[in-house]
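Written below as structure tokens is the structure these notes are about.
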Amino acid sequence: MQVIVAREDEGVFVVLDSSGRRALPEAGFVEYLTRVERADAPRWVFPSVDRLYPVLLRAGLRISRCHDLSLTEGLLLAAEGRAGQPKALPAAWARLHGLEPPPDEPSAADAQPALFETRGSGLPAGVGVAEAAREVLADQDRRMKRVEHPERFRLLAAAESASALVAAEMRADGLPWRADVHDALLTELLGPRVPAGQRPKKLVELAARISEAFGGKAVNPDSPQTIVRAFGREGISIPSARAHVLRKVDHPAVPLLIEYRELARLHSANGWAWLDEWVAEGRFRPAWVVGGVVSGRWASSGGGALQIPKTLRVCVRADPGWKLVVADAAQLEPRVLAALSGDRRLAEASASTDLYARLSEAMFAGTMSAEEGRPRAKIAMLSAMYGGTAGEAASLLALLRQRFPDAVSYVEHAAQAGERGERVRSRLGRVSPAPSEAWRALTGGANDDSATESRARQAARNWGRFTRNFVVQASAADFTAVLLATLRRKLPEPAQLVFFQHDEVIVHTPGQLAAQVEAAIAESVAESTALTFGPACPVHFPMPAATVTTYADAK
DNA sequence: ACTTCCGAGCTT
DNA sequence: CCTAAAGCTCGGAAGT
């Protein structure tokens with residue numbers, strides 16, 4: 001059973017199912033949905049989960065499954081070679097009717113709330129939003145039958161839609177964040193809190209000592225150009241003021257600059273201003289952007305949720321009586337490559353929790369120790385997936401190719417396809433964008449002069465590196481989307497998914513349910529492996545879970 | 001005063 | 001730095 005739900009202008013909500021159409025005010029809408037969800041748990045169809053589901057969450061309603069028209073449209077457009085076109089309902093409907101598709105509105109998370117509420121549907125006057133959604137849904141059903149593996153693509157659309165539910169729920173629940181611990185940490189490292197725009201005491205002192213180290217001339221350590229010039233006056237020529245460049249310079253200002261930059265980074269990125277803006281009532285509530293990266297990885301908007309420095313993990317603490325269950329898919333990408341390529345020997349190596357140690361044995365047994373071999377095996381595998389050639393990488397990759405030819409040729413075929421300008425696809429059907437017209441013009445024909453020819457080869461290789469990585473990273477995103485969808489269903493009430501970062505989840509749970517949560521994670525990984533890569537997939541995906549009080553204790 | 005770009009650094 | 005790429009955010013600096 002499918003039920004379309006949508007918001008019309010002026011806070012009126014519409015429900016459309018086989019028995020007809022109902023227009024309801026918000027309160028009646030939520031009440032109706034609650035009743036139907038309890039009775040039938042239908043597949044709700046949303047023009048955009050991101051825009052509508054927060055309304056339901058605020059009223060205390062959680063739904064079990066849905067179809068997100070906007071996210072599915074994006075996946076379909078990519079699969080059809082039309083990536084980058086607007087994907088919201090008005091655009092999808094317009095394309096269906098041969099009209100010019102309007103550009104997507106900014107996401108609900110970014111929009112000004114007042115503007116967002118008063119905006120129209122974006123559809124022509126007289127076209128009902130639920131009726132437009134019904135047309136687009138039927139169209140998507142048709143188009144999903146025409147992709148290369150329709151059953152995989154349906155799973156992808158379902159998992160992506162469920163991911164959107166997770167993202168909205170994670171924002172509503174929030175990541176437990178102890179502002180008092182954060183404030184104490186800042187005070188310890190930077191000195192007492194100062195008003196916005198001012199340098200804390202510790203930074204003021206360091207800036208003064210830096211100027212002294214440069215002979216008393218004022219040097220603003222926040223300005224890279226000024227730092228480069230200051231070293232120039234000392235007779236030291238450096239290409240940039242990056243930390244790794246500074247570390248190689250022998251000068252009394254260097255350790256001060258490095259300390260200043262570390263503390264200034266903490267202050268500007270995650271200082272008191274960040275705390276005031278993003279943490280309230282013990283929760284950090286970022287906006288998560290499902291499919292915000294072309295590979296299908298999530299992005300975040302506001303608060304830098306995917307860039308939280310490790311030093312601040314101590315601030316992530318379970319509520320009294322609760323625990324955090326932190327689980328990380330170990331060496332996910334090489335295992336994904338094993339599953340994609342069907343490389344038997346790599347699949348056998350995946351039986352070990354420490355994949356790189358097993359690779360090292362396969363590559364270097366008898367020739368070097370595990371301590372020497374493991375980091376080289378890791379470089380070899382990462383070079384295969386990322387296209388690296390620097391240093392030893394090329395020779396290590398050649399050895400990896402000897403031992404695991406199917407895995408290495410899988411990514412090399414993806415790279416060659418990219419160099420030819422072809423698109424590549426993930427396991428469940430995410431498709432890479434086509435290269436730009438400028439890229440085609442540059443790489444398309446024979447170039448007269450050698451400089452242009454060299455740039456063309458460079459551009460082709462760069463795009464090949466992108467497609468090489470895409471097949472692995474996007475398939476990993478397939479797997480984690482299915483995992484999120486599965487885990488969401490299995491978590492015992494009232495445990496909540498509160499954080500997701502590419503291959504890692506945090507669940508906030510009452511302490512007595514932590515063991516059940518760990519079991520739910522293990523079951524979800526097993527089911528997601530079979531769903532994503534097939535029931536006979538021989539690859540092992542370890543996802544060790546740790547039950548802790550603070551995120552900092554997880555690894 | 002405002003916009004745009006760059007350098008830098010954080011995560012995976 | 002070391003193996004690659006993408007995305008977010010900040011502050012400084014340059015341009016309008």
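The values are calculated or read from the model by the stated rules, or taken from the named source; none is laboratory data. Being a predicted model, the structure only gives us computed values, none of them experimental. Ideal geometry is used to build each Cβ from the backbone, glycine not excepted, and the neighbour counts take in all protein chains shown. Please note that ligands, DNA and RNA were not included when accessible areas were found on the heavy atoms of the full protein model with its side chains. Shrake-Rupley method; radii C 1.70, N 1.55, O 1.52, S 1.80 Å.
Based on this model, can you work out whether A:Ala514 counts as of a type in the set (Gly, Ala, Ser), crowded, with 24+ Cβ neighbours inside 10 Å and in contact (Cβ under 8 Å) with a residue 60 or more places away in the chain?
Considered against the rule, which asks whether it is of a type in the set (Gly, Ala, Ser), crowded, with 24+ Cβ neighbours inside 10 Å and in contact (Cβ under 8 Å) with a residue 60 or more places away in the chain, A:Ala514 comes out as no.
Residues are listed down the side, and each one gets a yes or a no for (1) closer than 18 Å to A:Lys310 by Cβ; (2) of a type in the set (Asp, Glu); (3) at pLDDT 90 or above:
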site: A:Asp250; (1), (2), (3): no, yes, yes
site: A:Leu256; (1), (2), (3): no, no, yes
site: A:Ala264; (1), (2), (3): yes, no, yes
site: A:Ala269; (1), (2), (3): yes, no, yes
| In the set A:Val55, A:Val14, which member is of a type in the set (A, V, I, L, M) and within 25 Å of A:Asp141 (Cα to Cα)? | A:Val14
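Please state which one of A:Val314, A:Val254, A:Val294, A:Val279 is out of contact with any helix residue (DSSP H, G or I) (no Cβ under 6 Å at 6 or more places or on another chain) and β-branched (Val, Ile, Thr).
Answer to the selection: A:Val294.
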| request: Please give the number of the condition A:Val431 fails out of (1) within 11 Å of DNA strand C (Cβ to nearest atom); (2) buried (at least 19 other Cβ atoms within 10 Å of the Cβ); (3) within 25 Å of the chain's Cα centre (by Cα). | output: (1)
| message | If A:Ser300 meets every condition in (1) open to solvent by 20 Å² or more (accessible area, probe 1.4 Å); (2) farther than 29 Å from A:Leu156 by Cβ apart from one, which number is that one? | response | (2)
| task | Identify the single condition in (1) under 26 Å from the mean Cα position of the chain (by Cα); (2) touching a residue at least 40 places away in the same chain (Cβ under 8 Å); (3) buried (at least 16 other Cβ atoms within 10 Å of the Cβ) that A:Leu355 does not satisfy, given that it satisfies every other one. | result | (2)
| remark: Counted residues in region A:418-428 being at pLDDT 95 or above and open to solvent by less than 10 Å² (accessible area, probe 1.4 Å) come to 2
| field | Which listed residue, of A:Ala327, A:Ala338, is assigned by TED's automatic domain parsing to the domain that holds A:Leu382 and more than 14 Å from DNA strand C (Cβ to nearest atom) | value | A:Ala338
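Using the structure shown, decide if A:Glu361 is open to solvent by 60 Å² or more (accessible area, probe 1.4 Å) and more than 30 Å from A:Ala159 (Cβ to Cβ).
yes
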| request: Could you grab me the full set of residues in region A:247-273 that are among the small types (Gly, Ala, Ser) and farther than 20 Å from A:His182 by Cβ? | output: A:Ala253
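Could you please give the count of residues in region A:532-555 that are in a helix (DSSP H, G or I) and either among the charged types (D, E, K, R) or closer than 20 Å to A:Pro334 by Cβ (or both)? Before the answer, list the steps.
As a first pass, look at region A:532-555 and keep what is in a helix (DSSP H, G or I): A:532-533, A:551-553.
Then drop every residue that is not either among the charged types (D, E, K, R) or closer than 20 Å to A:Pro334 by Cβ (or both), which leaves A:532-533, A:553.
Of the residues in region A:532-555, 3 are in a helix (DSSP H, G or I) and either among the charged types (D, E, K, R) or closer than 20 Å to A:Pro334 by Cβ (or both).
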| Of (1) open to solvent by 30 Å² or more (accessible area, probe 1.4 Å); (2) within 16 Å of DNA strand B (Cβ to nearest atom); (3) part of a helix (DSSP H, G or I), A:Thr443 satisfies all except one. Which? | (2)
| Just one of A:Ala554, A:Ala545, A:Ala514 is small (Gly, Ala, Ser) and at pLDDT below 95; which is it? | A:Ala554
| request: Please find, among A:Ser268, A:Ser237, the residue that is of a type in the set (Gly, Ala, Ser), within 15 Å of DNA strand B (Cβ to nearest atom), within 30 Å of A:Leu324 (Cα to Cα) and surrounded by fewer than 13 Cβ atoms within 10 Å (Cβ to Cβ). | output: A:Ser268
| Residue tally, condition within 15 Å of DNA strand B (Cβ to nearest atom), farther than 24 Å from A:Leu190 by Cα and in contact with a Gly (Cβ under 9 Å, 6 or more places away or on another chain), over region A:271-310 | 6
| request: Using the structure shown, decide if A:Asp222 is acidic (Asp, Glu), in contact (Cβ under 8 Å) with a residue 40 or more places away in the chain and either in contact with a Gly (Cβ under 6 Å, 6 or more places away or on another chain) or farther than 19 Å from A:Trp278 by Cα (or both). | output: yes
